[in-house]
Amino acid sequence: MKKMAASSNSNIPVFEYKDINTKAFHVGSFRTAWLEKLKPDDYSYEDKDEETQDAEIANEIGVTRETLEELKSICSIDSLRCHSEDEPPDTKLVPPDATLQTLIQRKRKQEYKGTLRIDKISRIDHYQNELESLAIGKKPADPDDLVPEGELILSINILYPALFDSFKSVRPHMTLQMLGSHKLVDLRDAICCISDLQVFGEFSNTPDIAPDFISKDHFKSAFFYFEGVFYNDMRYPECRDLSETTVEWAKTRDFPQFQKAKMEDTYFYDLKVKVGYPYLFCHQGDCEHVVIITDIRLAHKDDCLDWKLYPLLTHKHRVLTRKCAVCHVYIGRWLTTNDPFAPVDPCLFCGRCFQMLHYDTNGNKLGQFLAYPYVDPGAFN
Amino acid sequence: MEYCKDHIKADCEQLLSRFQQMESVRFEMFLAIWKEMKFESIFFGKMESKLSRLFSREVLATAYAYLLPPYTFQIRVGAIYLLYGLYQCQLCTPREKIRVALKDWEVIMKFQQEAVNAHHFDVAYILRKLISQKAFYFTAMPTSLVFNVKRTNISRTLCEEFLERASRPQEVVSMDMLEELANIHQHYEQVKASSSESTSSQPDPSISLIHKDLVPRLHSTVLDFYKWQRNQGSGNQEEGQYEDGGEGTSNKHESSQRAKLLASIKSKSYAQVVEAPKARRHRQVERDESGPAQETSHHKRVKSLKQRTSHLTQDLVKEEATRMWCLSQLEAEDTTKEKKKQTFKW
Ligand SMILES: [Zn+2]
Ligand SMILES: [Zn+2]
């Protein structure tokens, strides 16, 4: 018994560097450890009626029902109210006589902001709020789609490739919530990166067929790297083992042996990871994303409980979009060069303006120019 | 939320410090301070929903830290009350949860048991209430981690007055241990006397390697430490009241059982040891205050301490050697690993 406890101890996450990242632990064993420590009621989604709850608490702490009633009245939620019942406070206002330091600071901040006259919530903030709150507490229509009680939810940040200097300070990313019973391929398929949608080639003669040639369909290979293991996507015959080069290279250097595994065979429960530690996702040959598992916890009744809505996107960084040079309204979809119709070279056009300007009503190309399909980084906003 | 961290911490510590001065763990006492400080209003003032969620998260995480050792029982009680208050009064719907890490759960359950055993039912009730309300996220770590190295620069000092004071010396040098030591010492002196070829009643001074008054000396040293510690910590506290830490002064749930239990849980009270050796003084052999002996034993002790702690430093070295070549490196580590990096020929 004691031995068992000792061996499972290594799967109790502890800090490797305080407040930065944990030591590596096995995700499945971590879940088991929690479930062993808790009673099923503790993580159940069910709301018990007060009567039952009270009886259980009385039993747990070993007091009579009478004592419990007394405790209930002493510790009631109402007892925490700092105002009389008939004059509820305005929670939108920092009380004028506030003494808490947090409030004094908030007040000062709001007064300052007030002078700036930008009290409005920006569209971006608004959008992100919606994203997060959209799925909160969502129950599935079909009970079969319920996320099982005691399931793990992992929050994963996928950083965009550091293309620009400004990214270094902001670190734009998307956040996905995954379940422990997901496979790595589920995460891979949920990551949207513009390089997956990039179309290579010049299509000025056949603009209608261009969007069919997106990179995702062409270059299917990809891998995740976690704790010395490369997890390759080998679902399709044309998939290549992208990690091969690295593994071979490392063999000739002073590196420990790397392992290889298949993305499609690996559940999150199978992983050994450090929470908070940067790992890697690589696709399209050289498009690299830092991947950080920021949180792992048991599912809660207020979480999105519809299994079908996972992987769940909870955060998305908005990128500025480049607009069409003609209408300045729509996002650019075509990039042209050597274009006599264009004010600049190269130039961006939305689909409509591009068509109207460069082709006649029968779809015949007008004049000489080169046209490349363009996917704006902000296209996912 | 970085900007208000220090302010939240200051407010929480203000409340906990006042609760500590009450020298009671009753919820009513806590409520009085909570209300006087209008702590509920910490959530007031227009914040857009995302911000208000982040704020709740931050406040709960701040309060959570005081629920765990090394804080005293009293402070930990204050922390569970504070979490309860904050959880109920926050303005988000659904409420932000209190994140509890797996490594802390056992500690918290033990805390509940301590409270129950000591008949502090209000403490246990509030903890249980939070659990049945599903107020907790059962997590890997108390905050989510984004490899934000900069964060480490913020000083996370522990509030000195809230800390459970070190009690290892008192625990190690217990009554039993002193008795055992006295026996061994006596035996040792006898063996030494019998082996040193009889002529004089005094043993050969060259084998006088240890204080003859080792036991009383050890005892009085620990006693001094204990006294010093008390003076240190509770300048304005009245003697004798402080040692029970979690002990309340009040009312209906009071029982002698609680006092007994607290004494056993917290072997902080060194009183038992104070009494003990008196009874054993008769065992002590006559003193022999010889100078050289003193030095020898001193010297030895220092060395063995070093040996005993050497594994700690070894661990550090090991950790430092952990390779961080994969993707990134902690900024703080840069200097220590420069040498290693060079061998990789980036
Ligand atoms: Zn990419
Ligand atoms: Zn246009």
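Remark: accessible area buried at the B-A interface is about 8000 Å², both chains counted, probe radius 1.4 Å. Normalising by residue count, the range A:46-89 has a Cα convex hull of 105 Å³ per residue. Rolling a 1.4 Å probe across the protein heavy atoms gives the range B:99-153 an accessible surface of 29 Å² per residue. Note on exposure: A:His283, A:His83 ranked by accessible area (1.4 Å probe, complete protein assembly) read A:His83, A:His283, with the most exposed listed first. Peptide B:100-113 is shielded by partner chain Cβ atoms: per residue, an average of 3 of them sit within 10 Å of its Cβ.
For A:Arg31, the accessible area of its heavy atoms, probed at 1.4 Å with every protein chain present, is near 60 square angstrom.
Mean per-residue shielding of peptide A:252-260 is 2, counting Cβ atoms of other chains within 10 Å of each Cβ.
Sorted into 10 angstrom bins from 0, the C-alpha pair distances of the range B:13-168 split as 10, 38, 39, 12, 1 percent. The share of alpha-carbon pairs in the range A:217-341 lying farther apart than 24 Å comes to 51%. Distance between the pseudo-spin-label points of A:Thr337 and A:Glu244 (7 Å out from Cα toward the beta carbon): 3.2 nm. Per-residue 3J(HN,Hα) values for the range A:262-270, derived from phi via the Karplus relation 6.51 cos²θ - 1.76 cosθ + 1.60 with θ = phi - 60°, read 9, 4, 6, 9, 10, 8, 4, 4, 7 Hz in sequence order (x marks Gly and Pro). By a 1.4 Å probe calculation restricted to protein chains, B:Thr157 has an accessible surface near 90 Å², given to the nearest 10.
Applying Stokes-Einstein at 25 °C and 0.890 mPa s to the Kirkwood radius of the range A:334-380, computed over alpha-carbon pairs, gives a translational diffusion coefficient of 221 µm² s⁻¹.
Across peptide B:80-90, the average count of Cβ atoms from other chains found within 10 Å of a residue's Cβ is 2. Note on B:Leu181 and B:Glu161: the extension gain reaches 3.7 nm, defined as 0.36 nm multiplied by sequence separation minus the Cα-Cα distance. Protein-only accessible surface at a 1.4 angstrom probe places the residues A:His328, A:His289, A:His173 in the order A:His328, A:His173, A:His289, largest first. Surface composition of the range B:2-164: carbon plus sulfur atoms hold 53% of the accessible area, using a 1.4 angstrom probe and ignoring ligands, DNA and RNA.
Each peptide among B:108-121, B:127-140 gets the average number of other Cβ atoms lying within 10 Å of its residues, and from highest to lowest they stand as B:127-140, B:108-121.
Figure note: A:Asp186, A:Asp345, A:Asp295 ranked by solvent-accessible area, largest first, 1.4 Å probe, ligands and nucleic acids not counted: A:Asp345, A:Asp186, A:Asp295.
Note on A:Arg106: accessible area is roughly 20 Å² with a 1.4 Å probe, heavy atoms of protein only. Across the cross-link table entries B:Lys46/B:Lys134; A:Lys107/B:Lys50; A:Lys107/B:Lys9; B:Lys9/B:Lys97, which are compared at the Cα atoms, the separations over 21 Å belong to B:Lys46/B:Lys134.
The values are calculated or read from the model by the stated rules, or taken from the named source; none is laboratory data. This one's a predicted model, so the numbers in the text were calculated from it and none came from an experiment. Positions of Cβ are backbone-derived with ideal geometry, glycine not excepted, and every protein chain shown enters the neighbour counts. Accessible surface is based on the protein model in full, side chains and every heavy atom, while ligands, DNA and RNA are left aside. Shrake-Rupley method; radii C 1.70, N 1.55, O 1.52, S 1.80 Å.
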